[in-house]
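**Q** Mind looking over this structure? Questions follow.
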There are 2 protein chains.
Amino acid sequence: MKKILIIGCGLLGSSLVRRISKKKIAKKIFIYEKSKSNISKIKRLKLPGTLVKSLKDGVVNSDLVIFCTPMSEYKKLIIKINNFISSKTIITDIGSSKFESSKIIKRFLKRGIYWIQCHPITGSEVSGPEHGKENMFKDKWCILIRDERTNSKHLKFLNTFWKKIGSKTVIMNREKHDKIFSITSHLPHLVAYNLVKSAQDFEKKQKYDLIKYSAGGLRDFSRIAASNEIMWRDIFFDNKINVSKAIDMFIKNLNSFKKDINSKNSKSIIKKLIQTKKVRSKILKLKQDTNKPDFGRN
Amino acid sequence: MKKILIIGCGLLGSSLVRRISKKKIAKKIFIYEKSKSNISKIKRLKLPGTLVKSLKDGVVNSDLVIFCTPMSEYKKLIIKINNFISSKTIITDIGSSKFESSKIIKRFLKRGIYWIQCHPITGSEVSGPEHGKENMFKDKWCILIRDERTNSKHLKFLNTFWKKIGSKTVIMNREKHDKIFSITSHLPHLVAYNLVKSAQDFEKKQKYDLIKYSAGGLRDFSRIAASNEIMWRDIFFDNKINVSKAIDMFIKNLNSFKKDINSKNSKSIIKKLIQTKKVRSKILKLKQDTNKPDFGRN
């Protein structure tokens, strides 16, 4: 590949820049970034890409353009790049939800331009190019979205791209993607935010200093609840139908558990607790987490 | 101290044995354990304590007896030790909730015998003496419970004991303890169990293989949801009044968040997400968790 443009050089954008350069996937990497603070960090870090001041300089003649911004930025950017993008350039993104964003793309992107949505399953609670890592995508799943308009040549091209990056790839449709990640990612984040909020509400009401006792469980949730707020607002909004259903299902389980506790239904509780334990073994077997107790923290 | 008896030598009991021996806190450590599997592990591990076959052999002449069993075992054990315990022996425990267990102690323990409840804030998702560690309690909080019947000499004795173990100690009443830990520990565990259960329910209903995509958030919860089921049933039952209230408060927050998502109330969502983020910084400042991104896992 001759030229890749990364739009938005935060945690994941900067990780892509590092990896593309390391693996020599493109001859030239261009970076378009609007945040002044990120721009100075990129310069200080000497990231192996060329910062462009205008989108046009980055887009023209690019083989691949990768949107790595929050999803709420897509519309504005699409309207701009419509002015100079050619059908030789393929576009993709790394957004964590696909429903609303696909509607924006369909509605605003110029006809004849191809965009295949992707979603690498990686990230962190920290943001910004200084936290990016060359191996961020290594051995992680990357989902490629296929729909009735997907050009199979382009899909193959992107599949090869992510494999070169080091990811394991899987192709699925948008509906399935959004359903799966409403459960495995969006609900857990939402739950973490609300659990931490409940602790804050309680602390305010009771005037107890309780965060210092967070090692009993709360601290784990606080990590996820520290994730980037703009990115997560966009995800919750994009996938609101599935996320709402997931919340309802979860609340139903909570209420049933509460009933078991209050009636001291030992049989039901033990059955549930043993059942959920099995998921951890499955996750470890699939190498989706470290097998060290307590994440190897202590 | 001449003699300490550890009743129940699992993760935490065995960690105490290791630490007491290392720091030479007692001349003699006795271990009473009823599980055959644990007994053979203790022998294989050559833990620095003497296994006793009868409770009597362990209790008689002990300066300190520490209950490290699930709380549902207390009643049976108390009735047994009443036959040979003297007022020279102090009893304590390491249970994570104090309300119901204190009622059992009050109701069944022989008059004139002193029991001061404790709660070291530590643990892991793995169980058994093979996972115990000498530094399990080091720099962790240990709560000591004081009530109107507490003998201050005994409280001082236990405070010194936990400090020798390496813990930071704090004294509070039972009500405050159970309220604080309903939020910082019991609710997080309950939420983790139910989140994983919701994922399992969804997987069954949709026939999607979703656990393999758990790296987006679910895997963190699966660790806590793998914790010992007997211990956690006992905690939920013991602290059911506070835990029920915590569930209700949490569900209220979830419903409010759902409303924000469905009405795309950006201002409200962003305010909440920024607010909860602050707790993570506070936890890191208090050194209650590793400051490495993603717990330093990758």
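**Q** Please go through the stretch A:276-289 and give me each residue that is more than 7 Å from chain B (Cβ to nearest Cβ) and either assigned to a helix (DSSP H, G or I) or over 25 Å from the mean Cα position of the chain (by Cα) (or both), ordered by number.
**A** A:Lys278, A:Ser281, A:Leu284, A:Lys285
**Q** Would you mind telling me which numbered condition in (1) in contact with a His (Cβ under 8 Å, 6 or more places away or on another chain); (2) in a helix (DSSP H, G or I); (3) more than 7 Å from every other protein chain (Cβ to nearest Cβ) A:Lys271 fails?
**A** With respect to (1) in contact with a His (Cβ under 8 Å, 6 or more places away or on another chain); (2) in a helix (DSSP H, G or I); (3) more than 7 Å from every other protein chain (Cβ to nearest Cβ), A:Lys271 is out only on (1).
**Q** Could you check the stretch A:201-234 and list, in sequence order, the residues that are outside any helix (DSSP H, G or I), in contact (Cβ under 8 Å) with a residue 24 or more places away in the chain and more than 7 Å from chain B (Cβ to nearest Cβ)? Spell out the reasoning first.
**A** Residues of the stretch A:201-234 that are outside any helix (DSSP H, G or I), as a first pass: A:207-210, A:217, A:225-228.
Cutting the leftovers down to in contact (Cβ under 8 Å) with a residue 24 or more places away in the chain gives us A:225-228.
Correct list: A:Ser227, A:Asn228.
**Q** Here's another thing I want to ask about it. One residue is enough: does the stretch B:238-255 have a residue meeting the conditions more than 8 Å from chain A (Cβ to nearest Cβ), free of Cβ contacts under 8 Å to residues at least 60 places away in the same chain and either among the hydroxyl-bearing types (Ser, Thr, Tyr) or touching a His at 6+ places or on another chain (Cβ under 7 Å) (or both)?
**A** No.
**Q** If you don't mind, there's one more thing I want to ask. If you check B:Phe161 against the conditions, is it surrounded by 24 or more Cβ atoms within 10 Å (Cβ to Cβ), assigned to a helix (DSSP H, G or I) and more than 9 Å from every other protein chain (Cβ to nearest Cβ)?
**A** Answer is yes for this residue.
**Q** Is at least one residue of the stretch A:114-133 without any contact (Cβ under 8 Å) to a residue 24 or more places away in the chain and out of contact with any strand residue (DSSP E or B) (no Cβ under 8 Å at 6 or more places or on another chain)?
**A** Looking for residues that are without any contact (Cβ under 8 Å) to a residue 24 or more places away in the chain and out of contact with any strand residue (DSSP E or B) (no Cβ under 8 Å at 6 or more places or on another chain), one finds none in the stretch A:114-133, hence no.
**Q** Quick check on B:Ile105: is it touching a helix residue (DSSP H, G or I) at 6+ places or on another chain (Cβ under 8 Å), within 23 Å of B:Ser185 (Cβ to Cβ), of a type in the set (Val, Ile, Thr) and in contact (Cβ under 8 Å) with a residue 12 or more places away in the chain?
**A** For B:Ile105, the condition - touching a helix residue (DSSP H, G or I) at 6+ places or on another chain (Cβ under 8 Å), within 23 Å of B:Ser185 (Cβ to Cβ), of a type in the set (Val, Ile, Thr) and in contact (Cβ under 8 Å) with a residue 12 or more places away in the chain - is met.
**Q** Can I ask one more? Quick check on the stretch B:69-92: of everything there that is farther than 29 Å from B:Trp141 by Cβ and among the hydroxyl-bearing types (Ser, Thr, Tyr), which residue is surrounded by the most Cβ atoms within 10 Å (Cβ to Cβ)?
**A** B:Ser86
**Q** Can I ask one more? Quick check, is A:Ile25 surrounded by fewer than 20 Cβ atoms within 10 Å (Cβ to Cβ), in contact (Cβ under 8 Å) with a residue 60 or more places away in the chain, in contact with a helix residue (DSSP H, G or I) (Cβ under 6 Å, 6 or more places away or on another chain) and farther than 30 Å from A:Val243 by Cα?
**A** Values: surrounded by fewer than 20 Cβ atoms within 10 Å (Cβ to Cβ): yes; in contact (Cβ under 8 Å) with a residue 60 or more places away in the chain: yes; in contact with a helix residue (DSSP H, G or I) (Cβ under 6 Å, 6 or more places away or on another chain): yes; farther than 30 Å from A:Val243 by Cα: yes.
For A:Ile25, the condition - surrounded by fewer than 20 Cβ atoms within 10 Å (Cβ to Cβ), in contact (Cβ under 8 Å) with a residue 60 or more places away in the chain, in contact with a helix residue (DSSP H, G or I) (Cβ under 6 Å, 6 or more places away or on another chain) and farther than 30 Å from A:Val243 by Cα - is met.
**Q** Working carefully through the options B:Glu130, B:Glu148, find the one that is assigned to a loop (DSSP other than H, G, I, E, B) and among the charged types (D, E, K, R).
**A** Details: B:Glu130 fails: assigned to a loop (DSSP other than H, G, I, E, B).
Checking each option against the conditions leaves just B:Glu148.
**Q** I'd like to know if the stretch B:141-156 contains one or more residues that are surrounded by fewer than 15 Cβ atoms within 10 Å (Cβ to Cβ), among the acidic types (Asp, Glu) and in contact (Cβ under 8 Å) with a residue 24 or more places away in the chain.
**A** The answer is yes, given that some residue of the stretch B:141-156 is surrounded by fewer than 15 Cβ atoms within 10 Å (Cβ to Cβ), among the acidic types (Asp, Glu) and in contact (Cβ under 8 Å) with a residue 24 or more places away in the chain.
**Q** Pairs, please: C-beta under 6 Å, at least 6 apart or cross-chain, first residue facing chain A (nearest Cβ under 7 Å) and in the stretch B:173-200, second of a type in the set (Ser, Thr, Tyr) and part of a helix (DSSP H, G or I)?
**A** Partner pairs satisfying both residue conditions: B:Ile180/A:Tyr213; B:Thr184/A:Tyr213; B:Thr184/A:Ser214; B:Tyr193/A:Thr276; B:Val196/A:Thr276; B:Val196/B:Ser222; B:Lys197/A:Thr276.
**Q** Ok, one more. Take the residues in the stretch B:35-68 that are among the β-branched types (Val, Ile, Thr) and assigned to a helix (DSSP H, G or I); name whichever of them is surrounded by the most Cβ atoms within 10 Å (Cβ to Cβ).
**A** Keep residues of the stretch B:35-68 that are among the β-branched types (Val, Ile, Thr), which gives B:39, B:42, B:50, B:52, B:59-60, B:65-66.
Keeping just the survivors that are assigned to a helix (DSSP H, G or I) gives B:39, B:42, B:59.
Numbers: B:Ile39: 16, B:Ile42: 23, B:Val59: 25.
For the stretch B:35-68, the residue satisfying everything is B:Val59.
**Q** Residues to consider are B:Gly128, B:Gly112, B:Gly123, B:Gly95; find the one that is surrounded by 20 or more Cβ atoms within 10 Å (Cβ to Cβ) and at positive phi.
**A** The conditions single out B:Gly123.
For every residue, the table says whether it meets (1) among the hydrophobic types (A, V, I, L, M, F, W, C); (2) touching a helix residue (DSSP H, G or I) at 6+ places or on another chain (Cβ under 6 Å).
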residue: A:Lys207; (1), (2): no, no
residue: A:Phe221; (1), (2): yes, yes
residue: A:Phe237; (1), (2): yes, no
residue: A:Lys245; (1), (2): no, no
residue: A:Ser263; (1), (2): no, no
residue: A:Ile270; (1), (2): yes, yes
residue: A:Ile283; (1), (2): yes, yes
residue: A:Leu286; (1), (2): yes, yes
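**Q** Considering only the stretch B:223-233, I want to know if a residue exists there that is surrounded by fewer than 21 Cβ atoms within 10 Å (Cβ to Cβ), over 21 Å from A:Arg219 (Cα atoms) and not acidic (Asp, Glu).
**A** yes
Quick note: the coordinates plus some simple rules give every number you see, no bench work behind them. Because the structure is predicted, anything quoted here is derived from the model rather than measured. When we count neighbours, we look across all protein chains shown, and the Cβ atoms used for this are built from the backbone with ideal geometry, even at glycine.
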